[in-house]
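Here is the structure we will look at.
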Amino acid sequence: MVAALEREVRPLVKRWRRIEREHQGQRFSFFEYGQSVLVCGGIGGESARRATEAVIALYQPELVQSVGFAGALDPALKVGEIFSPSRVIDARDGSSVETGCGRGVLVSAATIAGAEQKVKLAESYGAQAVDMEAAAVARGAQARGVRFMAVKAISDESNFAMPPMDRFVGPDGHFCATAFAANVAAQPWLWPRVLQLARNSAKASRALCGELDRYVNEPKKPEVSGPELHPISKVID
């Protein structure tokens, strides 16, 4: 499993074995449990690419999953719902990868998508959700002949006005929470949005980790996609 940030998957990996390993001069933190391993590579496509290459080279998995948060493009998708797409599109060049399971379309963008950008992405790609990493993970897995799928939890709904966050993502894909908090502290009008995003993220994390925990402990072959637009699991409060 390839995630962006540890906070997205902390409820899942808090009791897993943590191990530091190096690949091509870069150190990664891997979380191991039974036959499963998870790596947090950082935010964005480049960070996801490096993490995918590392986990495949070091663990030789049969399946690579892009896991984490996604923003809703479809108004029907609500915070805490699970979205597993049958197709992942890279917004940079329009290329796509079929997962062979799930339903619906996930588009990976180069920046954190706000409400206006979400409308454009939905119109351009016919997608139901947006993230920043899945396309890079998919491309890395495909290039190495490894099966790919994505499991995302909705952390922000289609009309949610995201606070400005892109400039707090470093070149290594890590989010500078201290600088972001200092910036928000000086702008009280952002406080309600940031507090709502924190609540949404906590709800999405619980939903995501519950779904992944079931997958890890009750492994089964993914079903072939059907005609529905997207699967929605029960919202976890």
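The values are calculated or read from the model by the stated rules, or taken from the named source; none is laboratory data. All values derive from a computational prediction rather than experimental measurement. All Cβ positions, glycine included, derive from the backbone under ideal geometry; neighbour counts span all protein chains shown. Ligands, DNA and RNA are excluded from the accessible area calculation, which covers all protein heavy atoms including side chains. Shrake-Rupley method; radii C 1.70, N 1.55, O 1.52, S 1.80 Å.
Look at (1) modelled with pLDDT under 90; (2) surrounded by 15 or more Cβ atoms within 10 Å (Cβ to Cβ); (3) among the hydrophobic types (A, V, I, L, M, F, W, C) and you find that residue 207 fails only one, number (1).
Filtered by the rule that a residue be surrounded by 21 or more Cβ atoms within 10 Å (Cβ to Cβ) and either in contact with a Phe, Trp or Tyr (Cβ under 9 Å, 6 or more places away or on another chain) or among the charged types (D, E, K, R) (or both), region 140-150 gives 140, 141, 150. Is it true that residue 211 is out of contact with any helix residue (DSSP H, G or I) (no Cβ under 7 Å at 6 or more places or on another chain), of a type in the set (Asp, Glu) and within 17 Å of residue 13 (Cβ to Cβ)? Considered against the rule, which asks whether it is out of contact with any helix residue (DSSP H, G or I) (no Cβ under 7 Å at 6 or more places or on another chain), of a type in the set (Asp, Glu) and within 17 Å of residue 13 (Cβ to Cβ), residue 211 comes out as yes. No other residue among 114, 126, 80 is surrounded by fewer than 24 Cβ atoms within 10 Å (Cβ to Cβ), at pLDDT 95 or above and under 21 Å from residue 161 (Cβ atoms) apart from 80.
Taking the criterion of being free of Cβ contacts under 8 Å to residues at least 40 places away in the same chain, open to solvent by 20 Å² or more (accessible area, probe 1.4 Å), farther than 20 Å from residue 45 by Cβ and not basic (Lys, Arg), would at least one residue in region 98-105 satisfy it? No: zero hits. Being closer than 29 Å to residue 167 by Cα, modelled with pLDDT of 95 or more, open to solvent by 10 Å² or more (accessible area, probe 1.4 Å) and aromatic (Phe, Trp, Tyr) is a property that residue 30 lacks. Within region 50-67, the set of residues being buried (at least 17 other Cβ atoms within 10 Å of the Cβ), assigned to a strand (DSSP E or B) and not β-branched (Val, Ile, Thr) comprises 65, 66.
Given the condition open to solvent by 60 Å² or more (accessible area, probe 1.4 Å), over 18 Å from residue 70 (Cβ atoms) and among the small types (Gly, Ala, Ser), answer yes or no: does some residue in region 155-172 qualify? There is no residue in region 155-172 that is open to solvent by 60 Å² or more (accessible area, probe 1.4 Å), over 18 Å from residue 70 (Cβ atoms) and among the small types (Gly, Ala, Ser).
Within region 89-104, the only residue that satisfies the criterion of being touching an Asp or Glu at 6+ places or on another chain (Cβ under 8 Å) and under 16 Å from residue 133 (Cα atoms) is 96. Would you check which residues across region 34-49 are outside any strand (DSSP E or B), among the polar types (S, T, N, Q) and more than 15 Å from the chain's Cα centre (by Cα) and list them? 35, the sole residue that qualifies.
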